[in-house]
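So the structure is just underneath, and the comments pick up after that.
The values are calculated or read from the model by the stated rules, or taken from the named source; none is laboratory data. Keep in mind the model is a prediction, meaning the values are calculated, not measured. Glycine gets a Cβ as well: all are built from the backbone with ideal geometry, and neighbour counts include every protein chain shown.
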Amino acid sequence: MTIERVFVAGAGLMGHGIGQVHAAIGKQVTLYEPELARAVAGRDRIAGNLERAVAKGKLTAEEREATLGRVATTDSLDAVRDADLVVEAVFEDVAVKQGLWHQLDERAPAATLFASNTSSISIDLLASAVSPERRGRFVGMHFFSPVPVMPLVELIRGADTTDETEAAIRSLAEELGKKLIVSADRPGFIVNRILMPLLAEAMRTLEEGTGTADDIDTGAKVGLNHPMGPLELADFIGLDVCLNVMKVLHEGIGGEHFRPPAVLVRLVGEGHLGQKTGRGFHTYPRS
């Protein structure tokens, strides 16, 4: 299947990046948000990213204009009617995602592929919101932030996902220049199944007073050769996102190593979500 028109449902942190990388390889992209101003804000973020790339000599001004010219915005789900692929990148909430997928299923052509950017929620659970006829074309397509920089895509097959759907996403990932890995539909998939216990142990190490946030992060960066410390990484991902993923893992697998640490629950409850709010395990901007 040839994918030329991509409808991205959600124009936030992940969605605008997903739109950008598709537009950069020549796809026609539509960014959707229920409030048009939010979709426009997503396109503006793409424009800013491209402008910085021009300033660094990575793009020409003409390439910037061509890429941005392939990005449209909408607040109407009816715009999905000519899409070859829908990528959903909304908040990690089952009810929100299922409600959106149900509406998209009612409007999209029968041949349109559906891909969720979920980082932890079961693909079969999300696919249950669409018609049985659509479920073979439903798949997980998990990008990593920041999408234009991170080279990995995690493909998650549901029970009904067809080989043809997987092949189409593989081909698209290759066009995007991304490395693709395939995960079974298990809680947290591959990457977050490995990552979240590490972040949780760093948080428990902090709350037990074993070390400061700076010392814990420095230990991982210098002692383990990690590019970013675990607490700094959690702040970058978003503490609310980390909490939601840990809940999915703990509910789906069990085990104390998946249980969200108390310090994480407290910070999220206080509205300290990491870099995006200016405070998490660290304060931002960092000196």
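So, in the range 61-75, exactly how many residues are in a strand (DSSP E or B) and without any contact (Cβ under 8 Å) to a residue 12 or more places away in the chain? Write out each step before concluding.
Here is the first cut: in the range 61-75, the ones in a strand (DSSP E or B) are 71-74.
Then drop every residue that is not without any contact (Cβ under 8 Å) to a residue 12 or more places away in the chain, which leaves none.
Final tally of qualifying residues: 0.
Restricting the search to the range 95-112, which residues are hydrophobic (A, V, I, L, M, F, W, C) and either part of a helix (DSSP H, G or I) or within 16 Å of E154 (Cβ to Cβ) (or both)? If you could, list the steps in order and put the result at the bottom.
Of the residues in the range 95-112, the ones hydrophobic (A, V, I, L, M, F, W, C) are 95-96, 100-101, 104, 108, 110-111.
Residues satisfying the conditions are A95, V96, L100, W101, L104.
Here is a check on your reading of the model: is H250 closer than 25 Å to G140 by Cβ and touching a residue at least 60 places away in the same chain (Cβ under 8 Å)? In short, no. When the range 1-40 is filtered for residues that are out of contact with any strand residue (DSSP E or B) (no Cβ under 9 Å at 6 or more places or on another chain), farther than 22 Å from T118 by Cα and surrounded by fewer than 17 Cβ atoms within 10 Å (Cβ to Cβ), the ones remaining, listed by number, are T2, I25, G26, A37. Somewhere in the range 141-151, is a residue part of a loop (DSSP other than H, G, I, E, B), without any contact (Cβ under 8 Å) to a residue 12 or more places away in the chain and within 22 Å of the chain's Cα centre (by Cα)? Yes: one or more hits.
Of all the numbered requirements in (1) more than 19 Å from M150 (Cα to Cα); (2) under 20 Å from the mean Cα position of the chain (by Cα), G17 misses one, and that requirement is (1).
Just checking, does the range 103-111 include any residue being in the same structural domain as S128 (by TED's automatic domain parsing), surrounded by 19 or more Cβ atoms within 10 Å (Cβ to Cβ) and within 17 Å of the chain's Cα centre (by Cα)? If you could, list the steps in order and put the result at the bottom.
Narrowing the range 103-111 to residues in the same structural domain as S128 (by TED's automatic domain parsing): 103-111.
Adding the requirement that they be surrounded by 19 or more Cβ atoms within 10 Å (Cβ to Cβ) leaves 104-105, 108.
Remaining after also requiring within 17 Å of the chain's Cα centre (by Cα): none.
There is no residue in the range 103-111 that is in the same structural domain as S128 (by TED's automatic domain parsing), surrounded by 19 or more Cβ atoms within 10 Å (Cβ to Cβ) and within 17 Å of the chain's Cα centre (by Cα).
Filtering the range 117-140 to residues that are in a loop (DSSP other than H, G, I, E, B) and either farther than 17 Å from V245 by Cβ or of a type in the set (A, V, I, L, M, F, W, C) (or both) leaves I121, S128, A129, V130, S131, P132, E133, R134. Here the helices (runs of 4 or more DSSP H) wholly within the range 180-263 that include at least 2 residues being crowded, with 21+ Cβ neighbours inside 10 Å, outside the structural domain of P151 (by TED's automatic domain parsing) and at pLDDT below 95 are 239-253.
Residues that are closer than 19 Å to H142 by Cα, in contact (Cβ under 8 Å) with a residue 40 or more places away in the chain and in a strand (DSSP E or B) occur in the range 31-54; there is at least one.
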